[in-house]
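Report on the structure given below.
The values are calculated or read from the model by the stated rules, or taken from the named source; none is laboratory data. Please read these numbers as outputs of a predicted model, since none were measured by experiment. Virtual Cβ from ideal backbone geometry, glycine too; neighbours counted across all protein chains shown. Side chains are part of the model used for accessible areas, which takes the heavy atoms of the whole protein and leaves out ligands, DNA and RNA. Shrake-Rupley method; radii C 1.70, N 1.55, O 1.52, S 1.80 Å.
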Amino acid sequence: MTEPRRERSTEAFFGRRNGKTLRPLQRSIRDELLPQLKLDLTAPAPDDLRSLFAAEVDLVRMEIGFGGGEHLLHEAARHPKSGFIGIEPFVNSMAKLIVDLHENPLNNIRLYDDDATQVLDWLPDASLDGIDLFYPDPWPKKKHWKRRFVSQKNLDRFARVLKSGARFRFASDIDTYVNWTLQHCHEHDEFDWQAHTAGDWHTPYEAWPGTRYEQKAHREGRVGAYLMFLRR
């Protein structure tokens, strides 16, 4: 059975939604658990995002486009007192993560399976303690650059929802997108790049578990850059 075709937001920054047809067990687990974990954007966002989680958490972070979920699950297990909002529109990636959560439950994760800008616009001001954007689609053709997630408009969104001193972390193996992100953050008034030497951005983040996409990039001879910016 084919996944239903959904209407695309005018600000969608992702490509295809579906890959291989989900196995019956994957679909069953996804259909059971996603409604329980998915953010309801039709209701107003709570003033305190910590109330979104079954676990008692002290702070809330977001990961946009979590792919196979390697980093999201790693961080959520490593920081049980932090809440994590994971966003991933690709059906197969979301199903993989949910099956992993079914096998190893974590009560500090909430999910959303569509455009991240919808969640960013729903969140209250200064409500997040961090945003991670790792290996996003680089949209390498110039005519598609407007679909890159890093833009002045989205940095404005980040600046609104991030607390002062919170981190925006960006990783990519595509040099042009790394330079693009550095330029856009440099031109934005609210973000300071945290690097003093080249080693600072060639070194993965603390306790970095790696991702499947990153492993693929390394096999193809591409090296990742790991940028970190602080919200002023």
Tally the residues that are open to solvent by 60 Å² or more (accessible area, probe 1.4 Å) and hydrophobic (A, V, I, L, M, F, W, C), restricting the search to region 182-214. 2
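Test SER93 against the criterion of being of a type in the set (Gly, Ala, Ser) and under 23 Å from THR42 (Cβ atoms), and give yes or no.
Working: of a type in the set (Gly, Ala, Ser): yes; under 23 Å from THR42 (Cβ atoms): no.
Here the answer is no, as SER93 does not meet what is asked.
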Since ASP121 meets every condition but one in (1) modelled with pLDDT under 95; (2) out of contact with any strand residue (DSSP E or B) (no Cβ under 9 Å at 6 or more places or on another chain), which condition does it not meet? (1)
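Could you please let me know if LEU162 is buried (at least 16 other Cβ atoms within 10 Å of the Cβ) and over 27 Å from ASP114 (Cβ atoms)? Show your work before the answer.
Values: buried (at least 16 other Cβ atoms within 10 Å of the Cβ): yes; over 27 Å from ASP114 (Cβ atoms): no.
In short, no.
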Only one of (1) modelled with pLDDT under 95; (2) open to solvent by 60 Å² or more (accessible area, probe 1.4 Å); (3) over 27 Å from PHE90 (Cβ atoms); (4) not hydroxyl-bearing (Ser, Thr, Tyr) is not met by GLY221, so which one is it? (3)
Output the qualifying pairs, or none if there are none: Cβ atoms under 8 angstrom, residues six or more apart or on different chains, first residue in region 97-114 and touching a residue at least 60 places away in the same chain (Cβ under 8 Å) and more than 18 Å from GLY68 (Cβ to Cβ), second residue assigned to a loop (DSSP other than H, G, I, E, B) and of a type in the set (Lys, Arg). ASP114/ARG6
